[in-house]
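Novice: Before I ask anything, here is the structure I am working with.
The values are calculated or read from the model by the stated rules, or taken from the named source; none is laboratory data. It should be emphasised that the depicted structure is a prediction, and the values quoted were computed from it without experimental measurement. Reconstructed Cβ throughout: ideal geometry from the backbone, glycine too, with neighbour counts over all protein chains shown.
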Amino acid sequence: MSRIVDRRLNGKNKSAVNRQKFIRRFRQQIKKAVADAISDRSVTDLEKGEKVSIPAKDISEPFFHHGQGGRRERIHPGNKEFQQGDKLPRPKGGEGQGGGNKASDSGEGLDDFIFELTREEFLQFFFDDLELPNLVKTKLATINETKKIRAGHTSDGIPTNINVIRSLRGAMGRRIALRAPYKNRIKEAEAELQELLKQHEKTYPAVIALEQEIETLKKKIERIPFIDTFDLRYDNRIDQPKPTTQAVMFCIMDVSGSMGFEEKDMAKRFFMLLYLFLTRTYEKIQVVFVSHHTVASEVDEETFFYSRETGGTVVSSALELVSNIIKDRFPTSDWNIYAAQASDGDNWDDDSITCRKIMNEQIMPYVQYYAYIEITEDRHQNLWQEYLSVKSGWDNFAMQRIERIADIYPVFRKLFKKQLA
């Protein structure tokens, strides 16, 4: 029996395997703790993990044992208070459980188990039940995007790809096939030899000839090689085009003068969270950043998040730019198109009507999902009113309001929560 010892280093976290087992086992409790922690965190806190508390009763180890079976009655000496069928009361506060805030002169228990999640583990649980809605269109990627798949076996290959089992199986079949005629002849010759020995001595010429023939056949069997190059079989792997889901996300942010410092800060935090979600969850996704005041422009990531540009407000300029980019670079037959727009909703009345027309005619028929976030503490602005009519006509349009930083997480999860099939 062979033994394989895994001596790979786990780095600083020496119990990485046990840690993953623990996380899998207490997934529901950890996920609930992460959900509770979200309301108390800001986007800037993504750089740290989270301490989660698991009740002591949930970490008890299950075990199997032999039961006595049947129905048995016992008398426990010393019981003067309870009879059969009585219900035992719960211990009073501070007794028999951890976490109490009052002292007690009786009772014992265990404190809750505190488990600290790393940043990566926290983000994995946070994004676990989120997805881009309606991600259905697929296209075969370029020649470089392939994957190796098993495709049977071949007689040529490199030593590292030798399939030992198939090779030995082939060698055994070859040996059986080559030995069969010799073994059959040996059986017949031995039967003839036994008949001759009943009538003649060992020096009889026919007996000597049969013995020599048997010896020659046995030597031929021994000369059959255990394994031959003809028997070798190699695992065959071929390149298969890998189907990938192509998606593009448009991030549209209002940087006009009506967006104050706090509003812009909340918009940037929302898009930082969205960008982190996209890059962690999807391998093949493009992100297009569009910022606008009176004029819209496509910018890079650095400019989008840290630019101090400002001006008036013409939201339709951004929508026109997005529509043109879709037509020029992202054919709807090949791409899943998404958009997220953040604004305070303050726009020229005439331009808001134009925005509604552009959304209905040039954008909504081509996108999988469009999310509008209004960042304001006051009443809804005119753009919100126009977008309400868009929402009534399109199921793939969603709108939410952010009033303060604490709303970013809940709003984000509402917009991108996994849909039930």
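Novice: Please state which of the following conditions Thr245 fails to meet, knowing it meets all the rest: (1) modelled with pLDDT under 85; (2) surrounded by fewer than 17 Cβ atoms within 10 Å (Cβ to Cβ); (3) in contact with a strand residue (DSSP E or B) (Cβ under 7 Å, 6 or more places away or on another chain).
Specialist: Result: Thr245 passes all but (2).
Novice: For segment 248-276: of the residues being among the acidic types (Asp, Glu) and closer than 13 Å to Ile373 by Cα, which is modelled with the lowest pLDDT? It would help to see each step written out before you state the result.
Specialist: First, the residues of segment 248-276 that are among the acidic types (Asp, Glu): 254, 262-263, 265.
Adding the requirement that they be closer than 13 Å to Ile373 by Cα leaves 254, 263.
Numbers: Asp254: 88, Glu263: 83.
Looking at the filtered set, the residue picked out is Glu263.
Novice: In segment 294-308, which residue that is closer than 24 Å to Asp350 by Cβ and surrounded by fewer than 18 Cβ atoms within 10 Å (Cβ to Cβ) is modelled with the highest pLDDT?
Specialist: Within segment 294-308, the match that is modelled with the highest pLDDT is Ser297.
Novice: Got at least one residue in segment 232-241 being more than 52 Å from the chain's Cα centre (by Cα) and in the same structural domain as Ala180 (by TED's automatic domain parsing)? Walk me through it before giving the result.
Specialist: Start the filter on segment 232-241 by keeping residues that are more than 52 Å from the chain's Cα centre (by Cα), which leaves none.
Within segment 232-241, not a single residue is more than 52 Å from the chain's Cα centre (by Cα) and in the same structural domain as Ala180 (by TED's automatic domain parsing).
Novice: Report the residue count in segment 207-231 for those that are modelled with pLDDT of 85 or more and over 60 Å from the mean Cα position of the chain (by Cα).
Specialist: Here the count works out to 12.
Yes/no per residue for (1) without any contact (Cβ under 8 Å) to a residue 40 or more places away in the chain; (2) touching a helix residue (DSSP H, G or I) at 6+ places or on another chain (Cβ under 8 Å):
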{"site": "Lys148", "(1), (2)": "no, no"}
{"site": "Ala151", "(1), (2)": "no, no"}
{"site": "Pro159", "(1), (2)": "yes, no"}
{"site": "Arg175", "(1), (2)": "no, no"}
{"site": "Tyr182", "(1), (2)": "yes, yes"}
{"site": "Ile186", "(1), (2)": "yes, yes"}
{"site": "Ala189", "(1), (2)": "yes, yes"}
{"site": "Thr216", "(1), (2)": "yes, no"}
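Novice: Another question, if that's okay. For segment 356-395, enumerate the residues that are touching a residue at least 60 places away in the same chain (Cβ under 8 Å) and within 20 Å of Asn324 (Cα to Cα). Steps first, answer last, please.
Specialist: Filtering segment 356-395 for residues touching a residue at least 60 places away in the same chain (Cβ under 8 Å) gives 368-369, 373, 375-376, 383.
Across segment 356-395, the qualifying residues are Gln368, Tyr369.
Novice: Is one or more of the residues making up segment 266-279 of a type outside the set (Lys, Arg), in a loop (DSSP other than H, G, I, E, B) and surrounded by fewer than 17 Cβ atoms within 10 Å (Cβ to Cβ)?
Specialist: Applying the first criterion (of a type outside the set (Lys, Arg)) to segment 266-279 yields 266-267, 270-279.
Adding the requirement that they be in a loop (DSSP other than H, G, I, E, B) leaves none.
There is no residue in segment 266-279 that is of a type outside the set (Lys, Arg), in a loop (DSSP other than H, G, I, E, B) and surrounded by fewer than 17 Cβ atoms within 10 Å (Cβ to Cβ).
Novice: Going by the structure shown, is Arg237 in a strand (DSSP E or B), modelled with pLDDT under 85 and surrounded by 15 or more Cβ atoms within 10 Å (Cβ to Cβ)? Even if it seems obvious, please write down each step before you answer.
Specialist: On the way: in a strand (DSSP E or B): yes; modelled with pLDDT under 85: yes; surrounded by 15 or more Cβ atoms within 10 Å (Cβ to Cβ): yes.
When the stated conditions are applied, Arg237 passes them.
Novice: Can I ask one more? Output the residues belonging to segment 323-356 that are buried (at least 23 other Cβ atoms within 10 Å of the Cβ) and in a helix (DSSP H, G or I).
Specialist: The answer is Cys355, and nothing else.
Novice: Could you list, in sequence order, the residues of segment 208-237 that are of a type in the set (Ser, Thr, Tyr) and in contact with a Gly (Cβ under 6 Å, 6 or more places away or on another chain)?
Specialist: Just the residues of segment 208-237 that are of a type in the set (Ser, Thr, Tyr), to begin with: 216, 229, 234.
Of everything in segment 208-237, just one residue is of a type in the set (Ser, Thr, Tyr) and in contact with a Gly (Cβ under 6 Å, 6 or more places away or on another chain), namely Tyr234.
Novice: While we're looking at this one, here's another question. Looking at Leu210, Leu217, Leu193, Leu178, can you tell me which residue is among the hydrophobic types (A, V, I, L, M, F, W, C) and closer than 22 Å to Arg233 by Cα?
Specialist: Values: Leu210 fails: closer than 22 Å to Arg233 by Cα; Leu217 fails: closer than 22 Å to Arg233 by Cα; Leu193 fails: closer than 22 Å to Arg233 by Cα.
Going through Leu210, Leu217, Leu193, Leu178 in turn, just one is among the hydrophobic types (A, V, I, L, M, F, W, C) and closer than 22 Å to Arg233 by Cα: Leu178.
Residues are listed down the side, and each one gets a yes or a no for (1) surrounded by 15 or more Cβ atoms within 10 Å (Cβ to Cβ); (2) touching a Pro at 6+ places or on another chain (Cβ under 9 Å):
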{"position": "Ala171", "(1), (2)": "yes, yes"}
{"position": "Ile176", "(1), (2)": "no, no"}
{"position": "Pro181", "(1), (2)": "no, no"}
{"position": "Asn184", "(1), (2)": "no, no"}
{"position": "Leu193", "(1), (2)": "yes, no"}
{"position": "Ile208", "(1), (2)": "no, no"}
{"position": "Pro225", "(1), (2)": "no, no"}
{"position": "Thr229", "(1), (2)": "no, no"}
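Novice: For segment 376-397, does any single residue satisfy the condition of being assigned to a strand (DSSP E or B), at pLDDT 90 or above and under 34 Å from the mean Cα position of the chain (by Cα)? Even if it seems obvious, please write down each step before you answer.
Specialist: Initially, segment 376-397 is screened for residues assigned to a strand (DSSP E or B), giving 397.
This time we only want the ones that are at pLDDT 90 or above, so: 397.
Next, only the ones that are under 34 Å from the mean Cα position of the chain (by Cα) stay: 397.
For segment 376-397, residues assigned to a strand (DSSP E or B), at pLDDT 90 or above and under 34 Å from the mean Cα position of the chain (by Cα): present.
Novice: Can you name the number of the only condition in (1) surrounded by 18 or more Cβ atoms within 10 Å (Cβ to Cβ); (2) more than 19 Å from Ser291 (Cα to Cα) that Tyr370 fails?
Specialist: (2)
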